[in-house]
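The values are calculated or read from the model by the stated rules, or taken from the named source; none is laboratory data. Because the structure is a prediction, the values reported are computed rather than measured. Note: ideal-geometry Cβ built from the backbone for every residue, glycine included; neighbour counts use all protein chains shown. For the accessible areas, the whole protein counts, side chains as well, though only heavy atoms, and no ligand, DNA or RNA atoms are used. Shrake-Rupley method; radii C 1.70, N 1.55, O 1.52, S 1.80 Å.
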Amino acid sequence: MPPSDPHSAISRPPRRTRTLETEVLVIGGGVTGTGIMRDLALRGISSILVDKRDLNAGASGGNHGLLHSGGRYAANDTETARECMAEGDILKRIAPECIDACGGLFVAVEGDDPEFAERFAGYCSAAGIPSETLTPAEARELEPALSEKIFAAYTVPDATIDPFRITLEQVNQARDAAGSRFLPHSEVIGFALRDGTILGASCRDNRTGEMFVIRARQYVNAAGAWAMEIARLAGCDSVRLLYAKGTLVISNSRMAKRVINRLRLPGDGDILVPGGTVSMLGTTSDKVTELENLRPTVDEVDRNLAEGIAMVPALASARFIRAFSGVRPLLMAADSGIDGRKASRGFALFDHKDEGLSNFATVTGGKLTTFRLMAEKTSDLVASRLGNTAPCRTAEERLPIGDALRWTTPGFAARYWFSRKDPADAILCECEMVPRSAVDSIVAEAPGAEDEMTLRAIAVRSRVGKGSCQGSFCGIRVSSYLYDRGIYTSPAGLGHMRDFFAERYKGILPVLWGKELPQAELAETLHCGLMGLDVAVPAAAADSETGDETDSETGDGAGQ
Amino acid sequence: MEFSQNRSYSTRLAVIGSGLAGFSASIFALDRGIIPYQIGNTGPLAYTTGYFDLLGYLDGAALADPWAGIARLRAEAPEHPLARIADTAIRAAFSRFCGAVTEMGLSYTVSGGKNLNALLPAGLSKPTLSVPATMISGVEALAAREPALIVDFLGLPGFSAREFAANFKAMWPTLKFARLGFPEMETGAEVYPEVMARALEVPAHREALAERIRGAVREAGEVAFVGLPAILGVHAPDRVHKDMERLVSLPIFEIPTMPPAVPGLRLRELFEQALPERGLVLAPHRKVERLELRGDSAILHFTDNFGEVTVKAEAVILATGRFLSGGLAAERDGIRETLLDLPVEQPETRADWYREDYFDPRGHAINRAGLLVDDAFRVLGRDGRPVSPRLFAAGAVLARQDWVRQRCGAGIALATAFRAVEEAAALLQERVG
Ligand SMILES: Cc1cc2nc3c(=O)[nH]c(=O)nc-3n(C[C@H](O)[C@H](O)[C@H](O)COP(=O)(O)OP(=O)(O)OC[C@H]3O[C@@H](n4cnc5c(N)ncnc54)[C@H](O)[C@@H]3O)c2cc1C
Ligand SMILES: Cc1cc2nc3c(=O)[nH]c(=O)nc-3n(C[C@H](O)[C@H](O)[C@H](O)COP(=O)(O)OP(=O)(O)OC[C@H]3O[C@@H](n4cnc5c(N)ncnc54)[C@H](O)[C@@H]3O)c2cc1C
């Protein structure tokens, strides 16, 4: 384990510590961090992005994937609602391949406040959100799964977005535009500071335990819910966050074509969002004090269902394949006097000037829908500090569509396979039709590809493990293939398999009942009885020893 | 033309379930001159490795001597089904069952005093008591670290000879690996073990494959054994195996593969064919829909292609397995037994079913849920007394065991079926006498 005081660890770095140099260090590989990496690159600024785990390991992998029309905020935050509309339009232009413009409905169910329901149309038009009023019968014709007990319904231009694909595309574009790099499993554990300047960030490679230093001219903290921790490492107390854990549950079929929102103030189980062939119901919201070891619970799943069933009764008998959780950072009331400007838009950008730092910025809060704007504002600050006057181009520049970037989109692998008709390109994951060639391209060139890529890393970059078997079968097949390719060469490969199943299990556990449970029973029989992973396998190589890697899997939600 | 008729039969002993517990119960009953009526739905029998485990692990540690393990269970977990059965009965169950399977044409090793260390597909091994004759050379080759060539096939997913060799490398460095195209199935498209196995029942295919294996052996250098995924025939594996060894001129062993796999298929097809020849009345691939317990009998209801059937039985053995087989069902609010809603010993709430860590060596509480029985393997009711003198239970449906983690699937199935039959026979005897 590293020394407990991170500052002492780097104030006098040991002689042979590896040091990387870059213009900007961006901390946090979610949509915001990768968005900043891309934004800077398009201005000609090169960066290194680090994540202590992997891309979208935080909230960006643990959300609904709802590209909000703004309808949800129309009632009490017109500005956020407008912002959602505007950003949604931009994303549809620059990354249409990541978006399913499925549309959405707001519905009020018997027992909901009829006056609130009535005022909804007015709120929408005030925020510039095109909305149509439907009779309950019309709504049920559009979405037959809706309850007979709805009494009001409106259409809104909601859409869904694949947060994994957009993240991969941003990293890829940054690499191509400015040679920027992404380093997975690299955790920032401290900063070396002198005279109001950060001289270097001390990092730990969580696979090997190796310590190294990254020196940059500017440091950006885009660590989402972890932003307070990172700010404190730099001696800044201005970032004050509370944490709200949200849990969602995924059904194994798509229950509705459109996004279905409950027409009332936000609560448990009030949004049902489609993602390819599945639907996601969420979300609960519970204050938590811990960011690690986050896992969905039986109770959270039951609470979502209890509410969701009122909107969509078929949820009562639906089969669920997985639950997952993410943490929303809640910004504590704009603590006047401190340089943090709590923007009305729900995100905050801190320049930390009042705390005496000249090359550190923190951005946190916000939404998936508005991440591009967050990245723009942050990059404006960083660029100006670097004396770079190039304008932001992220709203115009198209995101790239690369071979290794497209495997996270539901249904893509199947279409690809059927169009190629190459029987020798065997399917490794039968639920999601992921062929060998997909694994080949990911291992060769996906952002963050490593020499001995873990199954979990491949799963983040594809649909492997996201179908109805949740990886129980394909995990075995993909591993065999990786051994065949000579990528795995020792029992460490079995360790990766064990890790992958253990991680998937966390999301499966709370939805085990009915038809799902026998499948889990079979999976355990295979993993233990046939594969021997419970007893005979060296618990995963470096990963588990260093802690974080195996502990806290939040998400990989949206689009699953 | 449509048939629809109600047919009623009566039997002395009805067996519900066609897993190892159900089939072995029928074998043990036939041994005693009782002709059972067995109704069983398709189940996970076809998924098994083919190994018959007695007891392989306790508390995450491998057991070389399963009998010592059972002695420990008697001291530490006396409610474990295996702990409640005398060694002599367990031995008799294994030797009778392995003997019967061998007599019917699928040879198994004689179950002995010690566990064998048998091969698993990913390059690990596990303790088991009896293995098919087609697999025993693998146990020997591993024990002596003999140079062996492991062969896999183009298009066969989930079994990689290279993986097998890579994971065994440290303890078995003389392993070599090769990939072959299976004759006439070598486009690279997915191939299935069952199809390959049926193809190898034809001599010409064996010759073609053997020639390729000989080529691979020549290239591999010093090789004393050849290992293949389990594909050596479905109906006559012993013959296919011997013939392949003759053609290749080396001892050959099979390695179990992912389901649906050939070793389990062999057992299922063997039982379904050979047991009726020995007198068993078998309704295969049928599900008992309702079971009524009456004062002097039990009535089973099921449907076949010609309509409804009722079977009146003097004794019933419930060998319906767990969740995967449908003997137990897990609802959001609790676990139920599916035929009679018998009381199921289970954790208090759903949140207690599973542990946080998937691979926790202590296993999950839900896997120990199940039916409780008395020492005569009669199912206990809510009052703690037998529900009926004629209702027995055997196999995985029983509580207080974790056959997956403890590697005691066949052990539980065979030993409890043996005891249930013994007690059912005593009951039937009484009624006659
Ligand atoms: C349950 C839930 C549902 C949501 N649904 C929606 C929705 O439908 N629509 C919508 O628009 N928004 C939604 N959101 C909000 C949205 O997901 C977030 O606003 C967005 O993903 C935040 O992205 P981020 O990059 O800022 O943070 P994150 O994605 O959390 O990224 C932070 C990263 O920092 C890394 N990190 C932490 N510490 C360190 C360290 N020391 N060193 C290196 N790296 C570190 C973490 O591993 C993590 O990957 C939802 C949020 C939650 C929790
Ligand atoms: C993948 C896998 C690998 C295995 N590997 C091994 C191994 O290596 N060694 C080993 O010893 N064991 C192994 N086993 C376990 C073994 O095959 C048995 O599952 C176990 O011994 C339990 O047997 P059982 O007969 O009690 O239950 P099951 O095998 O579960 O059989 C129960 C039967 O009851 C039937 N049934 C249920 N309800 C009804 C109804 N209402 N009417 C009619 N029929 C009904 C089901 O269809 C099924 O056929 C393995 C099992 C699996 C799934």
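Size descriptors for the range B:136-255, from the alpha-carbon set: Rg then Dmax equal 13.3, 38 Å.
The string of couplings for the range B:396-410 from the Karplus curve (6.51, -1.76, 1.60, θ = phi - 60°) is 5, 5, 6, 7, 6, 9, 9, 5, 5, 6, 8, 6, 9, x, 5 Hz, one whole number per residue in order, with x for Gly and Pro.
Over its Cα atoms, what ratio of radius of gyration to 2.2 N^0.38 Å does the protein assembly as shown give? Mind showing how you got there, number by number?
Values: Rg = 31.2 Å, N = 993, 2.2 N^0.38 = 30.3 Å.
Normalised by 2.2 N^0.38 Å, the Cα Rg of the protein assembly as shown equals 1.03.
Each label was represented as a point 7 Å from its Cα along the Cα-to-Cβ direction; for B:E186 and B:D333 these points are 6.2 nm apart.
Arrange the peptides A:291-303, B:40-52 so that the one whose residues have, on average, the most other Cβ atoms within 10 Å appears first.
Working: A:291-303: 19.5, B:40-52: 22.5.
Final packing ranking: B:40-52, A:291-303.
Any chance you could look up the accessible area of A:M85 with a 1.4 Å probe, heavy atoms only, rounded to 10 Å²? Estimated to the nearest 10 Å², A:M85 gives 40 Å².
Write down the Kirkwood hydrodynamic radius of the range A:94-200, to one decimal in angstroms, obtained as one divided by the mean of 1/r over all alpha carbon pairs.
Values: mean 1/r = 0.0545 Å⁻¹.
About 18.4 Å, per the Kirkwood formula over Cα pairs.
Bridges between two residues of the protein assembly as shown, per DSSP, are antiparallel at a rate of about 60%.
Straight-line cross-link reach from B:K312 at under 21 Å between alpha-carbon atoms covers these lysines, not counting any fewer than eight positions away in the same chain: B:K287. From largest to smallest, the equivalent ellipsoid semi-axes obtained for chain A from the alpha-carbon gyration tensor read 35, 31, 21 Å. Over 26 Å apart at the Cα level, from the set A:K421/A:K466; A:K466/B:K176; A:K149/A:K466, are A:K466/B:K176; A:K149/A:K466.
Determine the shielding of peptide B:324-337 by partner chains: average, over its residues, the number of Cβ atoms on other chains within 10 angstrom of each Cβ.
Numbers: counts 7, 2, 1, 0, 3, 5, 9, 3, 9, 2, 1, 2, 0, 0.
Other-chain Cβ atoms within 10 Å of each residue's Cβ, averaged: 3.
Using the Cβ-Cβ distance between A:D176 and B:Q273 with R0 = 45 Å, the FRET efficiency computed as 1/(1 + (r/R0)^6) comes to roughly 0.10.
How large is the Rg to Rh ratio of the range B:276-433 when both quantities use alpha carbon positions and Rh follows Kirkwood? Mind dumping the intermediate values first?
Working: Rg = 16.6 Å, Rh = 16.9 Å.
Radius of gyration over Kirkwood radius for the range B:276-433 works out to 0.99.
Dimensions of chain B based on its C-alpha atoms, expressed as ranges along the principal axes with the largest first, amount to 71, 58, 43 Å. In the distance distribution for the range A:269-326, Cα-Cα pairs more than 15 Å apart total 49 percent. Between helix B:237-248 and chain B there is an angle of about 10 degrees, using the helix long axis and the longest principal axis of the Cα atoms.
Could you size up the charge dipole of the range A:403-549 around its Cα centre, putting +1 on the beta carbon of Lys and Arg and -1 on that of Asp and Glu, and report it in debye to the nearest 20?
Details: 15 positive and 21 negative charges, 137 e Å.
So the dipole magnitude of the range A:403-549 works out to roughly 660 debye.
Averaged over its residues, how many other protein chain Cβ atoms are within 10 Å of peptide A:424-435's Cβ atoms? Please list the in-between numbers first.
Values: counts 7, 2, 8, 3, 2, 0, 2, 0, 0, 0, 0, 0.
Mean shielding by partner chains, rounded to a whole number: 2.
For A:K377, a cut-off of 27 angstrom between C-alpha atoms picks up these lysines, skipping any fewer than 8 places away in its own chain: A:K52, A:K92, A:K245, A:K342, A:K353, A:K367.
A:E292 to A:D113: extension gain in nm, 0.36 nm per residue of separation minus the Cα-Cα distance?
On the way: separation 179, 0.36 × 179 = 64.44 nm, distance 3.76 nm.
Using 0.36 nm per residue and subtracting the Cα-Cα distance, I get 60.7 nm.
The Cys residues in chain A with no partner Cys Cβ within less than 4.7 Å of their Cβ are A:C84, A:C98, A:C102, A:C124, A:C203, A:C236, A:C392, A:C431, A:C469, A:C528. For the range B:326-418, the percent of C-alpha pairs falling in each 10 Å distance bin, counted from 0 to the bin holding the largest distance, reads 16, 46, 32, 5, 0.
Calculate, in whole percent, how much of the Cα-Cα pair population of the range B:39-151 lies beyond 26 Å. Of all Cα-Cα pairs in the range B:39-151, 25 percent lie more than 26 Å apart. When the Cα convex hull of the range B:1-102 is projected onto planes of every orientation, the mean area is 10.0 nm². Ranked by the mean number of other Cβ atoms within 10 Å of their residues, highest first, the peptides A:268-276, B:327-335 come out as A:268-276, B:327-335.
Over the whole of B:398-404, what's the average partner chain Cβ count within 10 Å per residue? Rounded to a whole number, please.
Values: counts 0, 0, 0, 0, 2, 2, 9.
Averaged over the peptide's residues, the number is 2.
Past the 24 angstrom mark, what percentage of all C-alpha to C-alpha distances in the range A:403-549 do you count? Please list the in-between numbers first.
Details: 3228 of 10731 pairs.
Of all Cα-Cα pairs in the range A:403-549, 30 percent lie more than 24 Å apart.
Taking every DSSP beta bridge that has both ends in the range B:136-255, the antiparallel portion is near 10%. Remark: spin-label model distance A:R398-B:H301 equals 6.6 nm, labels positioned 7 Å along the Cα→Cβ axis.
Mind putting a number on the dipole of the range B:136-255 about its Cα centre? Charges go on the C-beta only, +1 for Lys and Arg and -1 for Asp and Glu, and I need it in Debye to the nearest 20. Don't skip to the end; give the middle numbers.
Working: 13 positive and 17 negative charges, 57 e Å.
The dipole magnitude comes to about 280 debye.
Between 0 and 90 degrees, the angle of helix B:87-103 with respect to the longest Cα principal axis of chain B falls at about 60 degrees. For the options B:R74, B:R385, B:R218, a Gaussian network treatment of chain B with springs between C-alpha atoms closer than 10 Å singles out B:R218 as fluctuating the most.
The fraction of all Cα pairs in the range B:253-328 landing in successive 5 Å bins from 0 to the largest distance is 3, 11, 16, 20, 22, 14, 8, 4, 3, 1, 0, given as whole percents.
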